[in-house]
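No value in this document is a laboratory result; all are computed from the given coordinates. This is a predicted model, so every value here is computed, not measured. Note: ideal-geometry Cβ built from the backbone for every residue, glycine included; neighbour counts use all protein chains shown.
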Amino acid sequence: MSFLDKHPPSERLSQFASDNTSGICPEALEAMTEANLGFSTPYGDDRWTQKASDALREVFETDCEIFFCFNGTAANGLALSQLCHSYQGVIAHPVSHIQNDECGAPAFYSQGLSLLLGTGKNGKLSVDAVDSICSNALPLHAPQPKAISLTQSTELGTCYTTNELGQLSEAAKRNQLAFHIDGARFSNACAALGRSPKNLTHDLGVDVLSLGGTKNGLGLGEAVVFFTKGLALGFEYRCKQAGQLASKMRYLTAPWVKMLQEDAWLKHARHANQMAQLLEERLSALPSFRLIRAREVNSVFYEIDRRVLEQLRKKGLVAHEFVEGGVRLMCSWQTTPDDIQLLVEEAQQATKA
Ligand SMILES: *Cc1c(COP(=O)(O)O)cnc(C)c1O
């Protein structure tokens, strides 16, 4: 069987739907195989989990509290429920995963918290929105803002700069709000901004980060990182109650060890970003593709001629439409220049047809 039989063009085209269409990266898979030798204590009381936590402390250059979850919805929902009572609120952008893609999980885990939506350009929450939500929350009668939650990088493929994060951090302090980041694609932001994990988090007053592993190259798993350690009190019980304490925890944590120790997290994020850059360069040359906003990370947003898009979809392309306009094409650690060549050739043909 040839390589192409195993991976037909239609399947290769379908990958651009998201970065979670990718498989497990070699480092993570190798670590799982190693962790599979012999026996181990369950529920996280094992050397892999210890090593993964230490490696995270090293990468973030601080002593922080770390927990591992199966997915990002749980990481976000549990982190936010730790920050808020059921009668309080979290300020977030309307185009955020917690608002649109988690089926109300933050409210579910906290038994009632409200998401208080504030606007801002390019998928980023603005300082004005934070201040106005705080000053307009009617005491006693409305849920009182207790935290802000930003997405880095955002759902629109943009990054908060250190300047913007600093200003939002000040707004959070001024209004006595905890500061959470949904970092499902945090590694892509680090790679794009050329900033260290520390620079983009606790240097700027971030209290808690939901750190993505899955889209970065793990098979599954995200970490919840508390930089403000006092806020983590009892969090392990919350994880356990929510069904997020893995019995064979080592399979969730071993991949992080290699991913972090060998800088694979950054290498894979950089690669995904670079592939998206290549995709942008090639597709922007075609008249049927109009770039919607400047590419920053591993996603590119295009308005594509209806007929061309339909043609490409027939060939296997999966491209999600966004309410803000256009479709999103996304690259991962696994995307190759050949995959991009394939898409570009199909796009050229569809444009000519
Ligand atoms: C993918 C993603 C998550 C996590 O989603 P799960 O499917 O629950 O793992 C969280 N936030 C953002 C911005 C995401 O893109």
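Are any of the residues in region 166-180 within 16 Å of the ligand (Cβ to nearest atom) and buried (at least 16 other Cβ atoms within 10 Å of the Cβ)?
Checked against the condition, which is being within 16 Å of the ligand (Cβ to nearest atom) and buried (at least 16 other Cβ atoms within 10 Å of the Cβ), region 166-180 yields at least one hit.
Going by the conditions given, is residue 342 outside any strand (DSSP E or B) and in contact (Cβ under 8 Å) with a residue 60 or more places away in the chain?
Taking the combined requirement at face value, the residue satisfies it.
Out of 62, 33, 49, which single residue is surrounded by 12 or more Cβ atoms within 10 Å (Cβ to Cβ), more than 17 Å from the chain's Cα centre (by Cα) and assigned to a helix (DSSP H, G or I)?
49
Give 293, 270 a once-over and let me know the one that is within 20 Å of residue 193 (Cβ to Cβ), under 18 Å from the mean Cα position of the chain (by Cα) and basic (Lys, Arg).
Every option except 270 fails the conditions.
Condition first: β-branched (Val, Ile, Thr) and in contact with a Phe, Trp or Tyr (Cβ under 7 Å, 6 or more places away or on another chain). Now tell me which residues in region 319-353 satisfy that.
Of everything in region 319-353, just one residue is β-branched (Val, Ile, Thr) and in contact with a Phe, Trp or Tyr (Cβ under 7 Å, 6 or more places away or on another chain), namely 327.
Let's see how each residue does on (1) on the phi > 0 side of the Ramachandran plot; (2) not in a strand (DSSP E or B):
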| site | (1), (2) |
| --- | --- |
| 68 | no, no |
| 98 | no, yes |
| 103 | yes, yes |
| 108 | no, yes |
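Scan region 207-235 for residues that are of a type outside the set (S, T, N, Q), more than 14 Å from the chain's Cα centre (by Cα) and surrounded by fewer than 24 Cβ atoms within 10 Å (Cβ to Cβ) and jot them down.
Across region 207-235, the qualifying residues are 219, 226, 227, 229, 230, 231, 232, 233, 234, 235.
Looking at residue 332 and the list (1) exposed (fewer than 14 other Cβ atoms within 10 Å of the Cβ); (2) part of a loop (DSSP other than H, G, I, E, B), which single condition is not satisfied?
In the conditions (1) exposed (fewer than 14 other Cβ atoms within 10 Å of the Cβ); (2) part of a loop (DSSP other than H, G, I, E, B), residue 332 misses (1) alone.
Being under 23 Å from residue 185 (Cα atoms) and without any contact (Cβ under 8 Å) to a residue 24 or more places away in the chain is the filter here; which residues of region 229-266 pass it?
263
Of all residues in region 285-299, which are touching a residue at least 60 places away in the same chain (Cβ under 8 Å), surrounded by fewer than 20 Cβ atoms within 10 Å (Cβ to Cβ) and among the hydrophobic types (A, V, I, L, M, F, W, C)?
Scanning region 285-299 gives a single hit, 286.
What are the residues in region 159-201 that are in contact with a Ser or Thr (Cβ under 9 Å, 6 or more places away or on another chain), over 21 Å from residue 57 (Cβ atoms) and among the basic types (Lys, Arg), if any?
Within region 159-201, just 185 meets the criteria.
Look through region 98-117, keep the residues that are within 21 Å of residue 231 (Cβ to Cβ) and near the ligand (Cβ under 10 Å from one of its atoms), and return whichever of them is surrounded by the most Cβ atoms within 10 Å (Cβ to Cβ).
Among residues in region 98-117 that are within 21 Å of residue 231 (Cβ to Cβ) and near the ligand (Cβ under 10 Å from one of its atoms), the one surrounded by the most Cβ atoms within 10 Å (Cβ to Cβ) is 98.
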